[in-house]
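Just below is one structure, and these are the notes that go with it.
A short reminder: the numbers here are calculations on the coordinates, not readings from a lab. Bear in mind the structure is a predicted one, so any value in this text is a computation, not a measurement. Here the Cβ positions follow ideal geometry from the backbone for every residue, glycine too, while neighbour counts run over all protein chains shown.
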Amino acid sequence: MSALNTGRTAVPTQTGVGAAVRTRLRGRRRDTGAIWRGLFFASAIFLVISIAAILVMVGRQAAALFTQVRPLAFLFGRVWAPEHGLYGALPFLVGSLAATGLALLIGVPLGLAGAIYLAKLATPRAQRVMRPAIELLAGIPSVVYGWVGLTALVPFIRRHSGHVTGFGLLAAGVVLAVMVLPTFISLAEDALRAVPQDIEHGSLALGTTRWQTIAHVLIPAAWPGIAAAGILSMARAIGETMAVQMVLGNSPVIPAGLIVPASTLTSEIVLEMGSTPQGSPANNALFAMGLLLLLISLGLIIAVRATRKEATAGVRQAH
Amino acid sequence: MNLNRRNVLTIIAAALVGTTLLAAGCSNGSAANGNGQFSGKISVAGSTALGPLVKQAADEFGAKYPKVSVDVSGGGSFVGLSQVAAGAVDIGASDVAYTDEYKDKGLVDHVVAIAPFAIIVNPGVNVDGLTKAQLVDIFTGKVTNWKDVGGQNQAIAIIGRSPASGSRATIKATVLGDKDFDPKGAVLNSNGDVRKGVATTPGAIGYVDLAFVDSSIKTVKVDGVACTADNVISGQYKIYANEHLYTKGEPKDAVKAFLDMVMSADFQDRNVAKLGFIPVSKMPK
Amino acid sequence: MSAKRIDQIARWTVTAAAGLILLVLGYILGSVLINGLPVLSWHFLTSRSSNLEPGGGISMQIFNTIYIVTLSMLIAVPIGLGAGVYLAEYARPGRLTSLIRLATESLASVPSIVFGLFGMIVFANAAGLGFSRLGGAATLAILNLPLIVRVSEEAIRAVPADLRHASLALGATKEQTIFSAVLPAAVGRLATGVTLAAGRALGESAVLIATAGMSSPRYLTFDPLASGETLAVHLWAVNAENSLSDAARIANGTAAFLILAMLAVSLGIGWFARRLDRRLAGQG
């Protein structure tokens, strides 16, 4: 600290004493600089250590499962019945993918519209309302989403569908759609804003309407960014836990429809993690599901990187 | 000045990380000194259903022994069992008796309360009682309409708990026996959620701890017997489970004092019934 | 249909969609606040929660929440900022950098329940912290790191290069430039990121149930090794496993308070960031 301050006062002087002091201070400066650089680097490495530790912890339990159950019987097994020695995770995998897909189906069009509105149509005053609103949407605890879903959405779906309960993938999809909106909107808006203004002005100058410009110029130009927003929303949706398990019904079967009880990887983990003996195959299977989730997320991240590379390549071509 | 503050923050963070590492070396057991006063920490983890009872005990124990702090955490029955078996906590709270995985771990069982389970239905269901055989048919998915068990023509919606939960294990043990639950029934994560689900779903049936019975749902008699504490004590109502606190080995010092207090007639009479549990002493041996 | 007509319809649709988003938010906030605001009395906010009798409050949960969120930020912000600085200022393209980025992004996608288990095994058990505020805060900090790293890196990159050049030209070292020129200029954006992270910490329950515990010390204490139930955990616990006759009332009140706290944090830091931006702009 003090070294930094002294460093700042060490303006070059012409006297010999000054030069000597300067050299000394330079030495100290370099030392503190190296220390800071080390700290920055250590912080970055801390992230690598964290994820590695999580992977090792989850992977170890998952590996324990695969000494008892064949990986394929886990991944493609259709029946989850630990009491009968069946550890099929397919119902949860299907549920996770379906709920996430549904969330994107509902959330992406709505979020894209919201992003377009914010980036291009909203007056500054409307922006001042909309932006904190979206931030707030991101800040609502998932327990609250789940509770509103359980007390309002599930009965609503039941009343209007004629199904017995209203639990299921549809309810989960709607809740997740609302929950991914903040992520999607803020990223998609950034992507839309990042499109160079001259492209837009050029289009408008050609006499197109505002909407034609948005639909035919702006969105295609921002597409890689929008796709990345979609993929990150997907990662957010597939990992969400507390809200989903309250509206899903959580039956460990491959759902026969959108409005029958179903399960996801996360809902199953949260439901049974605390109530299965540590080290038992059922408990290990839950860790294996966690590993599966991590691998899916990792795949999604690699997908985002690919779209980003495409985006930079596109921009480079444009120039 | 920004620079100052940021450096201070970094130093604090470094100190915190250091503390974390240092604390690894410290143990948090409890100790007794000469005059019967205890100091230190008692940690309890496990069943959330037992949470309110344990927290109440923690408050009362702390009033008696100000130097002892009792930390209570949730996670589920088997988190409690695993943690106490590993020696990570002093007491594991569980809704179920320990399984084979834990039999060599030296766990000592302390049954602290009896939890009766009520079979609940949506208030719109005009059935007041079911036989055990009818319950089996409903929960296994053989009967799917209330008209087949004496009610109106309405589909039955099962809302239960997860297969590994203590509640479901109790229903399986006391009602279903060797038959299996219909896997297509809806599953919710807690007593409160099941009550909410049954209350808002026409034609729904579920099961909750007696403590959770309120006016939003309707309780049905089983084989003509209502779910009340008296009927459980007299042996007529069979759907109930023991609530356990487990210790690794015989409890000592503060932990022993804590368990003694929970088992004392005074604590049991004042608190256990309020939570809808039945005091252990009331049950015939 | 003419292009002009399509333009009108499309704009109308987009605006309606934006309206729908506000409506959804309004509905959620409305249903929470209408049920919860009447519960928020002075007594409710200042008395301890009760296990067996109706009439409990949330004073300790409020304290625990502030404590744990602050502590987790004290851990996460320096590390996250440090990693952000490294990525923005030092990292060269290469295997190591792409590994760090991959780690950050994967960490962001770990489901919170997995963090909870990780925190329990690492901090509560292995590090011997037990179910403690420190253990909960440390776990929350790791959960929030990726967000803070990303925001810091972006904030630092957004600082104009001129500022850096000017500082370096004055003879400042790279580190001095970072601390006295770059970071102060990035503070506004950093604040937004910290708000988002604090908001997430405020609402998180799955992570804390088995790390920070579900009870509170009997006395007001700053002991980091005491367990501390936060508002979000309390909300979950009261909803799920509390048979008190006024459990629903307490849940509604807790939810309303949590939402108000969230609002206060986001408005407060937003205001702070704007003020800071303005001041810096005035200086520049």
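Nearest 0.05, what FRET efficiency do C:TYR90 and B:LYS105 give at R0 = 45 Å with Cβ-Cβ as r?
That gives a FRET efficiency of 0.35.
What percent does the relative contact order of chain A come to when contacts are Cα pairs within less than 8 Å and at least six residues apart?
About 23 percent, as a whole number.
Cα-Cα over 23 Å: which of B:LYS142/B:LYS179; B:LYS103/B:LYS256; B:LYS248/B:LYS282; B:LYS184/B:LYS238?
Long pairs (Cα-Cα over 23 Å): B:LYS248/B:LYS282; B:LYS184/B:LYS238.
Please identify which residues in region B:243-261 have an amide N closer than 19 Å to a label point set 7 Å out from the Cα of C:ASP223, following the Cα→Cβ vector.
B:253-259
If you take every DSSP beta bridge fully contained in chain B, what fraction is antiparallel? Give it as a percent rounded to 5.
Values: 26 of 43 bridges.
Expressed as a percentage, antiparallel bridges in chain B total about 60.
Which order do peptides B:244-250, A:241-247 fall in by mean Cβ count within 10 Å, highest first?
Highest to lowest by the protection proxy: A:241-247, B:244-250.
Straight distance only, please: which aspartates and glutamates reach the Cα of B:LYS55 with their own Cα at less than 14 Å, same-chain residues fewer than 8 apart left out?
Leaving aside aspartates and glutamates fewer than 8 places away in the same chain, those within reach of B:LYS55 are B:ASP71, C:GLU53, C:GLU229, C:GLU241.
Taking the DSSP beta bridges in the protein assembly as shown as the whole, what percent of them are antiparallel, to the nearest 5?
60
Select from B:SER264, B:SER47, B:SER167 the residue whose mean-square fluctuation is largest in a Gaussian network model of chain B (Cα-Cα springs shorter than 10 Å).
Fluctuation is largest for B:SER264.
Between A:ASP31 and A:ARG193, with labels modelled 7 Å along Cα→Cβ, what's the label distance in nm to one decimal, could you check?
4.5
At 7 Å along Cα-to-Cβ for each site, give me the label-to-label distance between B:THR131 and B:ASP214 in nm.
The answer from the label model is 3.5 nm.
Once you put a point 7 Å from the Cα of B:ASP148 and another 7 Å from the Cα of B:ASP269, both along the Cβ direction, what distance in nm separates them?
5.0
With springs connecting C-alpha atoms under 10 Å apart, model chain A as a Gaussian network and identify which of A:PHE76, A:PHE184, A:PHE92 has the largest mean-square fluctuation.
A:PHE76
Take every Cα-Cα pair in chain B and report what % of them are more than 32 Å apart.
That tail contains 37 percent of the Cα-Cα pairs.
Taking a point 7 angstrom from the Cα of C:THR46 along the C-beta vector, which residues in region C:246-261 have backbone N less than 18 Å away?
none
Using r as the Cβ-Cβ distance of A:ILE45 and C:LYS174, and R0 as 30 Å, what FRET efficiency do you calculate, to the nearest 0.05?
It comes to 0.95.
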